[in-house]
Amino acid sequence: MSWKTNLCLIFLALYIHETTSVPHQFEVHIMNGLGGPDDTLITHCWSKDDDLGTHVLLTNQEHSWAFRDQFLKWKHTVFYCQFKWNNLYKKFEVINTSWPNVCGKKNTAGCRTYRWWVRSNGFYLAITDHPVASDFVFKYPWDGTHSVNV
Ligand SMILES: *[C@@H]1O[C@H](CO)[C@@H](O)[C@H](O)[C@H]1NC(C)=O
């Protein structure tokens, strides 16, 4: 092979290395932390490709799922959830794999485990494997008293 061919192959290899990567596994957990025996939480989560359906969570029950990110780095996966608790509701992105990695370059499995804790004053997130209460950061309050279909 000529040096030109070699150089081309080296650049091609670098390009492939830069634009692809082994897909990482992500996990999302939605925990009903509303507290009372009648505090049923209704969730409906979906991405562009998957609809996870409606889930009815009693206090301290959780709904969780795992997925692998897209093979190509410039693609990303977003899951949305709609939440309903009595006459309160909320909808937001529960995970977006192009959010900056909370652990920087370490990118260990715990950094890809998103735990949402749904409480009466709003939604808390911890991105870690074995969270303690102080790991949870307040993210969103509940929205008004509109009724919504989930
Ligand atoms: C996901 O996160 C990226 C980077 O923060 C942002 O640009 C994008 O709007 C977010 N949502 C979707 C649906 O891609």
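Each value in this text was obtained by applying a stated rule to the coordinates, not by laboratory testing. From a predicted model like this one, the values you see are computed outputs, not experimental measurements. Cβ placement follows ideal geometry from the backbone for every residue including glycine, while neighbour counts extend to all protein chains displayed.
Legend note: in the chain, cysteines whose Cβ sits 4.7 Å or more from every other cysteine Cβ are Cys8.
Taking a sphere under 10 Å around the Cβ of His29 and counting the other residues whose Cβ falls inside, with K and R at +1 and D and E at -1, yields a net charge of -1.
The ranking of Ile127, Ile10, Ile95 from fewest to most other beta carbons within 10 Å of each one's beta carbon is Ile10, Ile127, Ile95. Taking every alpha-carbon pair under 8 Å whose residues sit at least 6 apart, the stretch 24-140 reaches a relative contact order of 27 percent. The distance between label points at Leu7 and Val56 comes to 6.9 nm (points 7 Å beyond Cα on the Cα→Cβ vector).
Pairs of Cα atoms in the chain fall into 10 Å distance bins, from 0 up to the last occupied one, in shares of 10, 35, 28, 13, 7, 5, 2, 0 percent.
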